[in-house]
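Take a look at the structure below.
What follows draws every value from the coordinates through simple rules; no lab data is involved. Remember, predicted model here, so these are calculated numbers, not experimental data. FYI the Cβ positions are ideal-geometry reconstructions off the backbone, even for glycines, and counts take in every protein chain you see.
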């Protein structure tokens, strides 16, 4: 079967980030005029099945239910993971392997080796007369947990997301590939173009961002379409890969410059450890978004706003959108330099009012009363990131 045609539409008017030639470099890093984007991670947050925090088991991640729940809050985008089934259908699922139990034994299959019908047979079913296969998940340390959440939902396709999710919210489409496999360009191209076709046919003005951890995939997305911005995902070196392009923020900048990408999505601790990288990224004409569990803490999000980061991907959508609304001035509030500094003084959060907790590396971590004016290294040390 010949590959789908090259998609080369014109950029839409809602391009969510300024083009490189309009990159804003203020004299005072505390004064920003661009909006801080809040992006819901896998909808209303990822599932951590072994967590003692019920918020990470409240709603099925990467589901229509979770996407629409996130859209009820003032989020700009929802982020989700897209893979392509064996019969060419883009589906939304994070893990490369899908697990079930058969006769008391855990059986795992690669998502990309399943036909669509089999993929959708896992978990809750739309038809109440049908019983889906029990769904399990393997943790990084090898533990296996039954995928039980308070509000469960069926698995879904990318097309369903376009059809059933509130249209006002943008989509951050992460193209998911297996880190353990090496992909030929032809193979990548076929899968990517199957995703692009669904987006092209269904976006209808919805803001879209593409992203991927695989350098060749991100660059290929940019090559195959010119409609939407493409970001390169990186953990900034916290884990080392055979492909050196994945192992530092400096390499991430190079990937973007070589491929003409629009920005970087970096793990937040890599930025907090190296805040000077923010200016390097902006000078390169690139936008910067962060992800990671530290983004579930309002004070960490606030610090990133002061650093000039354009967006944050978060799990605790309600908590962070409320914090952003109450502590970060809106575009309407921002005016002259004097007005901006006055707003900043009025809205600086009183961090002693709340003690928030989240799970990091399997351990409960709580925020404490800190001063945002202190050196950023103190914040990293406080949250056990060193």
Checklist line | Debye log10 I(q)/I(0) at q = 0.15, 0.16, 0.17 Å⁻¹ for region 187-313, Cα point scatterers | finding: -0.70, -0.78, -0.87
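Please list the three semi-axes, largest first and in whole Å, of the ellipsoid equivalent to region 103-195, using sqrt of 5 times the eigenvalues of its alpha carbon gyration tensor.
Output for region 103-195: semi-axes of 24, 21, 14 Å.
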Checklist line | Ellipsoid semi-axes in whole angstrom, largest first, where each is sqrt(5λ) of the Cα gyration tensor of region 147-223 | finding: 24, 18, 11
Check: So how do 234, 327 line up by other beta-carbon neighbours within 10 Å, fewest first?
Finding: 327, 234
Next item on the list: Sort 97, 297, 135 so that the residue with the fewest other Cβ atoms within 10 Å of its own Cβ comes first and the one with the most comes last.
Entry: 97, 135, 297
Next item on the list: Could you check what % of the DSSP bridge pairs in region 95-206 are antiparallel, to the nearest 5?
Entry: 90
Checklist line | Mean Cβ neighbour count within 10 Å, used as a protection proxy, ranking 109-119, 257-267 highest first | finding: 257-267, 109-119
Next item on the list: Using a/c under 1.5 as the rounded threshold, could you call region 39-193 rounded, prolate or oblate? The axes a ≥ b ≥ c are square roots of the C-alpha gyration tensor eigenvalues, and prolate needs a/b larger than b/c, oblate otherwise.
Entry: rounded
Note to self: What's the ranking of 78-89, 149-160 by average number of surrounding C-beta atoms within 10 Å, highest first?
What the structure shows: 78-89, 149-160
Next item on the list: Note down the relative contact order for region 164-289 as a percent, whole number, built from C-alpha pairs under 8 angstrom at least six residues apart.
Entry: 19
Notebook entry, point to check: Can you put 141, 53, 76 in order, fewest other beta carbons within 10 Å first?
Noted result: 141, 53, 76
Check: Each label point is 7 Å from the Cα along the Cα-to-Cβ direction; what then is the distance between the points at residue 141 and residue 322, in nm?
Finding: 3.1
Note to self: Run the numbers for residue 58 and residue 113: contour at 0.36 nm per residue of separation, minus the present Cα-Cα distance, in nm.
What the structure shows: 16.8 nm
Item checked: Sites residue 185 and residue 258, calculated FRET efficiency, Cβ-Cβ separation with R0 22 Å, nearest 0.05 -> 0.90
